1. For the stretch 40-72, what are the residues that are crowded, with 16+ Cβ neighbours inside 10 Å and among the small types (Gly, Ala, Ser)?
2. Select from the stretch 36-60 the residues that are farther than 16 Å from Met1 by Cα, over 17 Å from the mean Cα position of the chain (by Cα) and not hydrophobic (A, V, I, L, M, F, W, C) and list them in ascending order.
3. Residue check: is Gly206 under 19 Å from Ala9 (Cα atoms) and either in contact with a Phe, Trp or Tyr (Cβ under 7 Å, 6 or more places away or on another chain) or surrounded by fewer than 18 Cβ atoms within 10 Å (Cβ to Cβ) (or both)?
4. Taking the criterion of being charged (D, E, K, R) and closer than 30 Å to Val148 by Cβ, would at least one residue in the stretch 83-96 satisfy it?
5. Filter the stretch 151-162 down to the residues that are touching a residue at least 24 places away in the same chain (Cβ under 8 Å) and not hydroxyl-bearing (Ser, Thr, Tyr), then identify the one that is nearest to Ala120 (Cα to Cα).
6. Residue pairs, Cβ under 6 Å, 6 or more apart or interchain, first in the stretch 8-22 and outside any helix (DSSP H, G or I), second surrounded by 22 or more Cβ atoms within 10 Å (Cβ to Cβ) and among the β-branched types (Val, Ile, Thr). List them.
7. Hey, Ser153 hits all of (1) in contact with a helix residue (DSSP H, G or I) (Cβ under 9 Å, 6 or more places away or on another chain); (2) under 22 Å from Ser4 (Cβ atoms) but one; which does it fall short on?
Amino acid sequence: MQRSLVTGANRGIGLELVGQLLRRGDRVFAACRSPGKALKLTELAGAHPGRLSVLPLDLNKERSIAELAREVAALTDALDLLVNNAGVLVSGERYGELSAKTVNDTVATNATGSLLVAQALTPLLARSDDARIVNITSELGSLAATTVFQTPSYAISKAALNMVTRLLAAQLGESGIRVISVNPGWVKTDMGGARAPVAVQASVDGIIKLADGLQRGDNGRFFDFGGEELPW
């Protein structure tokens, strides 16, 4: 039985990841800011008794990240898959009206938080024979693909998350832990909006297939959910 942890698990891509991983038989740890309000996760826990633990996580608080690692270590002796999915997007940003706080807070959540979660959970990942870290990023974080000014805080944070992937891959690759960035596409979720062309089920299905098939040579690479490699 694979042991998987998903951050930002209470809605959207994270919730769908939890559901699909449970349905295929994984032991799942679902981390989100307010577990008491995560009613859909509570329903999933009832439908899959003993295989879903819903845990609190505030990516902007180091104490919360450390506590998550302690709680997971009390429940399992190893992790096989970590999906750093939690993130924020601030809409309506305009050049000339940008706020340092918005940029800094977005980077702290989307990039720094994911780095610190991976660091805290590395001892558990190191005990797996098939450990993988999947960082859910965005094509908007690609330097090579950027041609217009849009969602700057989000784009900067996802570019930083892509660097997190490269750094973690360099640090952890020799131990057999593979780390990749994945662009989930423009997904029809609360964040993506109703006009998004990609169904959340299709995106998550692709992400899981990609994670399952990772080879050592994939360490440190950037893919879309269909398995195509993207430019940094």
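1. Once the filter is applied, which keeps residues that are crowded, with 16+ Cβ neighbours inside 10 Å and among the small types (Gly, Ala, Ser), the stretch 40-72 yields Ala45, Ser53, Ser64, Ala69.
2. Gly36, Lys37, Lys40, Thr42, Glu43, Gly46
3. Taking the combined requirement at face value, the residue satisfies it.
4. Yes, the stretch 83-96 contains a residue that is charged (D, E, K, R) and closer than 30 Å to Val148 by Cβ.
5. Leu161
6. Taking only residues 6 or more apart or on different chains, the pairs are Ala9/Val18.
7. (2)
Every residue, every condition in (1) at pLDDT below 95; (2) surrounded by 14 or more Cβ atoms within 10 Å (Cβ to Cβ), yes or no:
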{"residue": "Met163", "(1), (2)": "no, yes"}
{"residue": "Ala194", "(1), (2)": "yes, no"}
{"residue": "Val198", "(1), (2)": "yes, yes"}
{"residue": "Leu230", "(1), (2)": "no, yes"}
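The values are calculated or read from the model by the stated rules, or taken from the named source; none is laboratory data. No experiment lies behind these values; they were computed from the predicted model shown. Cβ: placed from backbone, ideal geometry, glycine included. Neighbour counts: every protein chain shown.
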